[in-house]
Amino acid sequence: MDAREAALRQAHGHAVGWLASLSDRRVPARASVDEIVRALGADLPDGPSAPADVVDLLATACEPGLTAFPSGRFYGFVIGGTEPAALAADWLVSAWDQNSVMRAVSPAYTAAEDIAGAWLLDLLGLPGGSAVGFATGATMANFTCLAAARDAVLRRTGWNVAEEGLVGGPPVRVVASEDRHMAVDLALRYLGLGRPELVRADRQGRIEPEALRRTLAAGGQRPTLVILQAGDIHSGGFDPFVDSIRAARDVGAWVHVDGAFGLWAAASPTYAHLTAGCADADSWATDAHKTLNVPYDCGLAVVRDPSAVRAAMGLQGDYLIHHERGDPIDKVPELSRRGRAFTVWAALRSLGRSGVADLVERLCRHASAFATGIAGIDGARVLNDVVFTQVCAEFGDDGRTERVLARLLDDGTAWISGSTWHGRRVMRISVSNWSTTDDDVTRALEAIHRAAAD
Ligand SMILES: *Cc1c(COP(=O)(O)O)cnc(C)c1O
């Protein structure tokens, strides 16, 4: 056995051991950063080590400092796990080491990207023929779509951003909901567009279409981007797309949807109604590493007009080999990058249409079970309409909510984070992992009960 194969066998053994430990291990990490630094050793070695020994040291030293993100009882942020086919495909992605930039240079990668992109448009109910770019996450997917949007609305006024930059050009107006995700602001900042103008949202974080219409009317006909949301991180709520998009169209705005986790509702016949009208937008950002449960990192930038994203992101270089049908490089900001579409293809091929619908419905069913279980705890109250995968609850007052969160983390059965919503501290539960079972939910609810017992 050569050194490389020995290292891969080490990695395989440790990976399988880690995954097997998930059903019973504490979800929070047991060790601190400093402890792991000591275990790994901070000094750069003077000479080489056998690759298998390095992998063994890495796995053994890191194990106590790993948070069980892929556990069925991790409900913090909006964290997906890893579907088995996608995880195994990801190992191949590293072994194959394809630079996924050009159609002519990695036919296999481009084929997987073309197929996965078409399947995604189908499942998410988005217009066929849209460009699907594979970025690092929804933040960069939002950035990619909004770059295409910014350039397109300026081009209509005769201003070419690629040639002239933004300085001296017509101002671009950006209008978004007060309950948008902060990643949208980050993307706008990268794009030199500053803060968006904010429109009121209702108690469930859904933009109010009449308020949007009034705000847009006050600005007149200017290059305008309207940013909507499919899936609020607190309530799981969806913006009313039909009325909002109609208001945006009346002023000729480009409509972009941030649907990092919520866009996947469209893949389930039971939940597709939440996204009604959403497909009439111009661009959509979503994640594959959240609801679809592929490994990090994978976000999807979907743009109805492929020429718009190519104008913003495409690159012509003398040493590159361009293809008339377009290249993966034309749809995302990065040049060199890993073969992200392979894992998406594998997850979709493994689940099939019904499997994706089942996945979405299972996550929602578990979220409802959490809401019912928490409502039965003395003094606890679920604050959102649980329409999708998110649950926000409080336990009487901010102090008690904080204590419940702290005790829960101490208990270690589950990992749930806090947040502030409508001015009060909340426990925020996000069910995003394919492997969560009814038993996981029961065990997590028992832990919440224990944490809430005074
Ligand atoms: C998670 C999330 C983002 C950011 O996505 P990343 O993949 O972390 O970059 C943006 N918008 C919403 C609604 C999200 O939930």
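Give the calculated FRET efficiency between residue 203 and residue 122 to the nearest 0.05, with a Förster radius of 51 Å applied to their Cβ-Cβ distance. Provide the component values of the computation, followed by the final result.
Numbers: r = 34 Å, r/R0 = 0.67.
In this case the efficiency is close to 0.90.
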Pairs of alpha carbons in region 2-65 whose separation is greater than 21 Å (percent): 34 percent
Cα-Cα P(r), region 352-452, percent of pairs per 5 Å interval: 2, 14, 25, 25, 18, 9, 4, 2, 1, 0
Based on C-alpha coordinates, I'd like the Rg and Dmax of region 88-347, in Å. 17.8, 55
Within a Cβ distance under 15 Å of residue 309, other residues only, what is the Lys/Arg minus Asp/Glu net charge? -1
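List the relative contact order of region 88-347 as a percent without decimals, with contacts defined as Cα pairs under 8 Å and 6+ residues apart.
Details: 533 pairs, mean separation 82.7, N = 260.
Value for region 88-347: 32 percent.
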Where the Cα atoms of region 84-202 are projected onto their three principal axes, how long is each span, largest first, in whole Å? 46, 40, 26
Can you pull the semi-axes for the chain, root of five times each eigenvalue of the Cα gyration tensor, sorted largest first, whole Å? 36, 32, 20
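Can you show me the helix-derived [θ] at 222 nm for the chain, built from DSSP H runs with n ≥ 4 at -39,500 (n - 2.57) apiece and divided by the number of residues, rounded to the nearest 500.
Details: 14 runs with 194 residues, N = 454.
-13500 deg cm²/dmol, from helical runs alone.
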Take the Cα pairs of region 251-365, get the Kirkwood Rh, then feed it into Stokes-Einstein at 4 °C and 1.567 mPa s and tell me D in µm²/s. 82 µm²/s
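What net charge is computed for the residues neighbouring residue 243, neighbours being all others with C-beta under 15 Å from the C-beta of residue 243, Lys and Arg scored +1, Asp and Glu -1? Display every interim value, and only then the final one.
Values: positive: 200, 206, 213, 214, 246, 249; negative: 202, 208, 210, 239, 250, 280.
So the surrounding residues net to 0.
Net charge near residue 201, counting Lys/Arg +1 and Asp/Glu -1 over other residues with Cβ under 13 Å of its Cβ?
On the way: positive: 180, 200, 203, 206; negative: 178, 179, 202, 208, 210, 232, 239.
Local net charge: -3.
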Longest span of the chain, sites excluded, free of GluC sites (Glu not before Pro) in DSSP loop with at most 14 other C-beta atoms within 10 Å? 1-177
In debye, nearest 20: dipole of the chain around its Cα centre with unit charges on the Cβ of K, R (+) and D, E (-)? 920 debye
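How large is the charge dipole for region 276-324, taken about the Cα centre, if only the Cβ atoms of Lys, Arg (+1) and Asp, Glu (-1) carry charge, to the nearest 20 debye?
On the way: 3 positive and 7 negative charges, 24 e Å.
Charge dipole of region 276-324: 120 debye, to the nearest 20.
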What FRET efficiency would be calculated for the residue pair residue 449, residue 108, taking the C-beta separation as r and a Förster radius of 35 Å, to the nearest 0.05? 0.10
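No value in this document is a laboratory result; all are computed from the given coordinates. In this text, all values refer to a predicted model and were calculated from it rather than measured experimentally. So basically every Cβ, Gly included, is an ideal-geometry build from the backbone, and we count neighbours across all protein chains shown.
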